[in-house]
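Inspection log for the structure reproduced underneath, given as structure tokens.
The values are calculated or read from the model by the stated rules, or taken from the named source; none is laboratory data. Please read all numbers here as calculations on a predicted model, not as lab measurements. Cβ coordinates were reconstructed from backbone atoms using ideal geometry, including for glycine residues, and neighbour counts include every protein chain displayed. Ligands, DNA and RNA are excluded from the accessible area calculation, which covers all protein heavy atoms including side chains. Shrake-Rupley method; radii C 1.70, N 1.55, O 1.52, S 1.80 Å.
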Amino acid sequence: MTSSSSSPQVRRATILDVAAAAGVSRQTVTRAMNDMPGISASTRERVQQLAAELGYSPSRFAKGLVQGARTSLGLAIPDLTNPYFPAFASSVVEEATQRGWNVVVDDFGHGSGSGLDAVARLGPQVDALVGYLGASSTEAQSMMGRRPVVVLDFPSGQAAGLISFDYAYAAQLALERLKSVRRRRIAYLDADLEGPATTRGLAVAAAAADAGLELTLRRSADSASAAREAVRSMLEHDGRIDGLLVFNDLMAAGALKALHDAGRRVPEDCAVIGMDGIPLGELVTPELTTLSLDLRAVGRAAVDLVDNLISGRLQAGSPDSELVLKHQLVLRQSA
């Protein structure tokens with residue numbers, strides 16, 4: 001494969017591109033892609049192979065429609081039971097709908113599903129894709145061919161567009177807040193995902209080292225119930241912890257329950273800070289201080305990036321196609 005074919009391209013392949021590459025008519029491509037009679041088996045195989053190499057796949061929504069059919073955007077989400085992801089998905093749908101686009105959502109985080117499974121399911125239906133695809137981002141872009149993939153929260157990916165978050169800045173905000181309210185025995189509860197630590201966890205550890213803080217590190221599954229058990233165990237081991245930073249708001253809700261179970265007052269005995277800024281934080285007691293992302297801004301940035309990549313206003317893989325967004329510290333009752 002040449003370097004040009006392995007790099008994401010801006011303009012998505014069309015039926016005319018396949019016809020030109022194969023030296024056949026548009027009607028022949030239509031017959032080959034839909035297994036219709038009237039062409040030889042060798043022509044059908046050749047056209048389908050070229051279509052795969054170019055990343056062309058007839059959209060489910062576009063079949064039978066005249067030119068000018070709506071753009072179809074795929075959205076790959078790892079877990080719609082986590083309140084963060086429905087909030088993010090809603091922002092993407094809102095922005096895409098304002099452009100007259102269709103959005104097809106795939107929740108791949110259950111059972112044995114993976115991000116690449118979602119790409120395989122979405123690929124035949126969409127013109128571009130947005131998703132939390134992690135280490136699968138490079139292969140996802142390869143599967144989509146010329147159609148742009150925008151990957152969130154994995155800055156080392158090789159997709160057409162990348163949106164990452166400045167966790168070093170977020171960690172600094174949180175630790176400075178805990179120090180300002182005189183917390184000295186600070187713990188961080190990370191999510192037990194792939195690898196020894198998450199990107200957030202590494203950023204928190206680095207920020208603590210820079211600030212000269214001794215940090216207690218613990219991990220749990222990414223759920224409120226698992227976080228509740230992890231914090232309960234942490235307190236049994238060291239009941240002097242007076243500041244707690246948590247991987248996300250969902251896990252922070254579990255941490256608040258554990259502190260309540262142990263008779264620890266929040267924030268008097270232990271201050272708690274979550275991350276993400278989902279609406280759940282305003283519904284728990286005490287209300288959760290959090291490192292908040294403007295999820296409407298995240299969805300708008302993702303859809304804008306797709307729009308600019310499809311139109312050619314941005315070149316895939318260019319510095320302008322890589323965005324870094326920052327959290328803001330939202331002070332509530334828990335810290």
Cβ-Cβ under 6 Å pairs, at least 6 apart or on other chains, segment 211-233 side closer than 24 Å to L173 by Cα, far side assigned to a loop (DSSP other than H, G, I, E, B) and open to solvent by 40 Å² or more (accessible area, probe 1.4 Å): R219/D192; S220/D192
Considering only segment 144-161, state which residues are outside any helix (DSSP H, G or I) and more than 10 Å from the chain's Cα centre (by Cα). G145, R146, R147, P148, V149, P155, S156, G157, Q158, A159, A160, G161
Of the residues in segment 109-143, those that are among the small types (G, A, S) and either assigned to a loop (DSSP other than H, G, I, E, B) or farther than 17 Å from D79 by Cβ (or both) come to G109, G111, S112, G113, S114, A120, G123, A128, S137, A140, S142
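Among G299, G317, which is the only one that is outside any helix (DSSP H, G or I) and either open to solvent by 20 Å² or more (accessible area, probe 1.4 Å) or within 22 Å of G131 (Cβ to Cβ) (or both)?
Numbers: G299 fails: outside any helix (DSSP H, G or I).
Only one candidate passes the filter, namely G317.
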Given (1) under 23 Å from I278 (Cβ atoms); (2) open to solvent by less than 50 Å² (accessible area, probe 1.4 Å); (3) small (G, A, S), number of the condition A221 does not satisfy: (2)
Which of the residues spanning segment 128-157 are within 21 Å of D276 (Cα to Cα) and either of a type in the set (V, I, T) or buried (at least 24 other Cβ atoms within 10 Å of the Cβ) (or both)? V130, G131, L133, V150, V151, L152
Looking at segment 71-86, which of the residues that are in a loop (DSSP other than H, G, I, E, B) and polar (S, T, N, Q) is least open to solvent (accessible area, probe 1.4 Å)? N82
If the requirement is being open to solvent by less than 10 Å² (accessible area, probe 1.4 Å) and touching a Lys or Arg at 6+ places or on another chain (Cβ under 6 Å), which of these qualifies: G254, G201? G254
Residue hits (segment 261-275; out of contact with any Cys (no Cβ under 6 Å at 6 or more places or on another chain), touching a residue at least 24 places away in the same chain (Cβ under 8 Å) and either open to solvent by 10 Å² or more (accessible area, probe 1.4 Å) or of a type in the set (S, T, N, Q) (or both)) are D261, A262, V266, P267, D269
May I ask you to say which residue of A170, A206, A187 is exposed (fewer than 15 other Cβ atoms within 10 Å of the Cβ) and under 21 Å from D276 (Cα atoms)? A206
